[in-house]
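Heads up: the structure comes next, in structure tokens.
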Amino acid sequence: MLNICNIVIVGGEGDLAFRKLYPALYSLHKENLLADCTKVVGFGRGKFSYEDFLTNMRKWTEASDYVKSVDDESWASFSERIMHFNGDATSAKDIKRLQKEMGPEEIVFYLSTPPSIFAPICKAMGEAGVVTDSTRLVVEKPLGESLASFNVINDTLFETFEEHQIYRIDHYLGKETVQNLLALRFANIFFEPLWNRNYIDHVQVTVAESVGAGGRWNYYDESGALRDMVQNHLLQLVCLVAMEFPARNEADDIRDEKLKIIRCLKPIDASSVHTHTVRGQYARGSVDNKLVPGYVEEKDAKAKSNTETFVAIKAEIENNRWQGVPFYLRTGKRMADRYSEIVIQFKPVIFKFIDVDPNALNNNQLVIRLQPNEGIEMKMMNKVPGLNESMDLQNVGLNLSFEEAFEDHRSPSAYERLILDVTRGDQTLFMRSDELRGAWEWVDGMIDGWEATRQLPQKYKAGSNGPDDALGLLIKDGRKWQDFEA
């Protein structure tokens, strides 16, 4: 049953709305996943006329990687849903005027705006009397730059909305492969007995970007890789890998288990940042055979900056399942390839009956690829066919490509899934405030440690895999990073 609600995108003339939100809403419309009476409202300052607004929306929808095609018939019916509302979202008068034009249905307010104006927007909604118990609020990151600033923003939301009404969005959690982590772990009996410190040597989580900070340099310089990526995306992936079996497949049961993992993270502070973290900043180099500038050479960049564009972390979870199993995290810009993956490295065979190099038997891995080419690969040792006197072994991957295995099923964009869940009132894939508080507390310890010890970012050449010390983070433990395999 489709939930009847109107979707108001505040900041509806902005970049995020055109690039991600409207294409996702068009796909939901085409899949008949929006109620017939649902309206989609682009709330803006009047930058476009209605005709130009629709033209721009179609242009970006046709350019989307997740929309196979835009046909005139479906676009015409989708356009009938669209309202273009000009006004000031911080004005109670304009919010009230909007409600009169939309009608009595439930409202989803999607704040595609800077967090700095969340407070006046929410205040205007409250003063206009449009907020009921069924009203939902979607907010994009960044939600603060520290625990203290997050609490300030979050408290402003609570002045108008309750926790069950707030959907803090992290688009990584909408990816098919990320959602499949729960099915992989809890719907396959042969993983659970091995999913612990007795059989897993370590875990790697990598989110690498080949692009630089150009175009959004000023924003990025205020955050850096740790705040921009680790505090939300990477930590959420760690939680899904490490969490215990939830009591039920309900939003709060799953988020309760994720919170336990965040609370079990061993603090990294001034006493351990040098041994457990590596900061980097890209210098001039080459990506895809093209020369690219260094971070402080980008457009609008300052001549000097100590903001990290790369971070590698050795994280430890202090609970019975994971004690002694390091989780190595890394993320960076201007790296050799654009990819995201999770590597579960199993321990080596305890004894061997074959006379081969012991390192050759340390190759059992589960690789979960988030992008590109979403899928799962299990790496196993096999005998090479032949009549040789010795038994030659080769590592072979059992590869599940989502595109090939589910060729009859379109893989939706992350925003499609997340917007649909908001209309359904399902908060499973959205972060609760206590999760974010715990994540910020852990990240703040590293930031304070860097400042206290004056740990500056090391330069790494654009098009590489980060600073040399990031390799050393694993080498000193007798391990190595998993390199990307196209």
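The values are calculated or read from the model by the stated rules, or taken from the named source; none is laboratory data. The structure presented is a predicted model; accordingly, all values stated were derived computationally and were not measured. Counting neighbours? That spans all protein chains shown, and the Cβs are built from the backbone with ideal geometry, glycine included. These area figures cover heavy atoms from the full protein model, side chains too; ligands, DNA and RNA do not enter into them. Shrake-Rupley method; radii C 1.70, N 1.55, O 1.52, S 1.80 Å.
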Once the other residues with Cβ under 10 Å from the Cβ of GLY11 are scored (Lys, Arg +1; Asp, Glu -1), what is the net sum? -2
Kindly provide the Kirkwood hydrodynamic radius of segment 280-345 in Å, to one decimal, from all pairs of distinct alpha carbon atoms. 14.5 Å
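Might you report the magnitude of the Cβ-based charge dipole of segment 83-130 about its Cα centre, with Lys and Arg at +1 and Asp and Glu at -1, to the nearest 20 debye?
140 debye
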Antiparallel as a % of all DSSP beta bridges within the chain, to the nearest 5? 55 percent
For GLU31 and LYS93, extending 7 Å from Cα along the Cα-Cβ vector and measuring point to point gives, in nm, a value of 4.2 nm
Net charge around ALA63, counting only other residues with Cβ within less than 12 Å of its Cβ (Lys, Arg = +1; Asp, Glu = -1)? +2
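Where does each of ASP201, ASP15 land when they are ordered by accessible area, with a 1.4 Å probe and the largest first?
On the way: ASP201 35, ASP15 90 Å².
Correct descending sequence by accessible area is ASP15, ASP201.
Using +1 on the beta carbon of Lys and Arg, -1 on that of Asp and Glu, and nothing else charged, what's the dipole of the chain about the Cα centre, debye to 20?
Charge dipole of the chain: 980 debye, to the nearest 20.
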With a probe of 1.4 Å, find how much accessible area the chain has per residue, and write the answer as a whole number in Å². 47 Å²
Projected onto the charge dipole of the chain (unit charges on the beta-carbon of Lys, Arg, Asp and Glu, signs +1, +1, -1, -1), the Cα from GLY438, LEU25, VAL8 with the largest positive-side position is that of GLY438
Magnitude of the charge dipole, segment 1-62, Cβ model with Lys/Arg +1 and Asp/Glu -1, debye to 20: 120 debye
For helix 118-128, what angle does its Cα long axis make with the longest principal axis of the chain, in degrees from 0 to 90 and rounded to 10? 40 degrees
Taking a ≥ b ≥ c as the square roots of the eigenvalues of the Cα gyration tensor, with a/c under 1.5 meaning rounded and otherwise prolate when a/b exceeds b/c and oblate if not, segment 99-256 is oblate
From the convex hull of the Cα coordinates of the chain, what is the mean projected area in square nanometres? 25.6 nm²
How many angstrom separate the Cα center of segment 422-486 from the Cα center of segment 181-196? 25 Å
Pull up the cross-link candidates among the lysines for LYS476, meaning alpha carbon to alpha carbon under 22 Å and not fewer than 8 places away within one chain. LYS266, LYS314, LYS347, LYS459
Cα-Cα longer than 19 Å, checked against LYS59/LYS141; LYS175/LYS290; LYS39/LYS96; LYS39/LYS93, kept in input order, equals LYS59/LYS141; LYS175/LYS290; LYS39/LYS93
Given 37 °C and 0.692 mPa s, how large is the Stokes-Einstein diffusion coefficient of segment 1-99 in µm²/s, with Rh as the Kirkwood radius over Cα pairs? 237 µm²/s
